1. Taking the Cβ of V101 as the centre, find all other residues whose Cβ is under 14 Å away and add up their charges (Lys, Arg: +1; Asp, Glu: -1).
2. Pick out, from A305, L276, A54, the residue whose Cα sits farthest towards the positive end of the charge dipole of the chain, with +1 on the Cβ of Lys and Arg and -1 on the Cβ of Asp and Glu.
3. Students often get this wrong, so check it: of K2/K362; K81/K268; K70/K136; K70/K377; K70/K151, which have C-alpha atoms separated by over 29 Å?
4. Quick one: Cα centre-to-centre distance for the range 128-190 and the range 301-344, in angstrom?
5. How many times 2.2 N^0.38 Å is the alpha carbon radius of gyration of the range 15-218?
6. Is the range 292-418 rounded, prolate or oblate when judged by the Cα gyration tensor, a ≥ b ≥ c being the square roots of its eigenvalues, rounded requiring a/c under 1.5 and prolate requiring a/b larger than b/c?
7. Of the residues P99, P224, P359, which exhibits the maximal mean-square fluctuation in a Gaussian network model of the chain defined by a 10 Å Cα contact cut-off?
8. Among the aspartates and glutamates, select those whose C-alpha is under 13 Å from the C-alpha of K38, and discard any that sit fewer than 8 residues away in the same chain.
Amino acid sequence: MKIIKNASKSYIEEMDIRQRVFSILEDIRKKGDEALVKYCKNLDGFTGNIRITANDIKKAYDSLDEQVVKDIKFAADRIKKFAEIQKKSIVEVKEEVSPGVTLGHRIIPVHSCGAYIPGGRYPLPSSALMSIIPAKVANVSRIVACSPPDKETGSINAATLVAMDIAGADEIYCMGGAHAIGALAFGTETIRPVDMIVGPGNVWVTEAKRQVFGTVGIDFLAGPSEVLIIADDTADPDFVAADLLAQSEHDPNARGILISLSEDLASKVLVSLEKLLSDLGTADIAKKSWEDNGQVFVADTMEEALELANEIAPEHLEICIKNPEEVINSLHNYGSLFIGNYAAEVFGDYVSGTNHILPTMKAARYTGGVWVGTFLKVVSFQKITKEGARELIPAASNLAETEGLYAHELAADIRLED
């Protein structure tokens, strides 16, 4: 394995964030609306009505180009279609496993969820679709969406607000940061608490989600966005360079990684990347991200490339190689997989139909991304007759006695006496 470019930045956790977030959450928990209004004003610069009205939503529609609304609806339809396909794969079961003993599970949606939509460096209407639509397909009864105010308009970005409405949010609030997570988790006089919170955010949002986990459920803790591309000499270097830059422009901490099977291809990608940067509107962010975090490896064999990819466990994994289908079963740590030269990550970000809220920071080793199943509980049940109980009682009674739980033993034995 040869390293052509390695990350130059080392990450140092800001330990004081944890304590500052704790203080914000405690303030929200104890003082409700009073604290929420204070933080919305001091941290977001927002002094208006936190609850978004139907009139606010209408104004957002009116302010947008008609084609933008059509494109949001196009993306929403595709995301909904795939979520519905996924839901069909989750089935209830019920089976008599022995005479008189019937076991099974039910699929029950969570009652309420909060969808946090980032709105800092860029408006992200796509994230509204990705978090709200799967919850809607799962039949969550109450979906609460929130996003911080846009600096230009002073309220939620119009495209994001329209996307929230198209996706089917039941309540929408203009708020962001740790205080928004606190309001969703603990509730205030204005906002009833939810049962779980999903959606990406900055370090403040992520730390707040960490701290409220247990009070509410969360999807996972997301860090800076990542893409890893495995490419050989059949890949288009311009395609690869563009995809690395698309990732890098997210923010200065984003990671673009190339594992090339060809040193010649790696060199061509680096040349193309510099050329594309010269014309890029977000070059300042993308360049810093690439310089600080970008990595280029040249693998000697495909096996070496696959092993490194599984070790990195990226959020997005592109395989731009000849016969990509041959290596898919060897890849098992990724948030979402993009197969072939034309399967650009940008399509998954917006319109292919899969979800873009995905695990980062190696979390793909143990979890997948947000999907309709995120909002569904698989809960077991058992139906046991007198006949069925007679077969179970001896073993249950003996195990209870072994553990020293004598009321458990009694609860089994008493049914034998009956």
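What follows is calculated from the coordinates using simple rules that are stated; it is not laboratory data. Every value quoted in this text rests on a predicted model; they were computed, and no experiment measured them. Here the Cβ positions follow ideal geometry from the backbone for every residue, glycine too, while neighbour counts run over all protein chains shown.
1. Within the 14 Å Cβ shell, the charges total +1.
2. In the chain, that residue is A54.
3. Numbers: K2/K362 22 Å; K81/K268 38 Å; K70/K136 20 Å; K70/K377 34 Å; K70/K151 25 Å.
With Cα atoms farther than 29 Å apart: K81/K268; K70/K377.
4. 34
5. Details: Rg = 18.6 Å, N = 204, 2.2 N^0.38 = 16.6 Å.
For the range 15-218, the normalised Cα radius of gyration is 1.12.
6. The shape class here is prolate.
7. P99
8. Partners within reach: D27.
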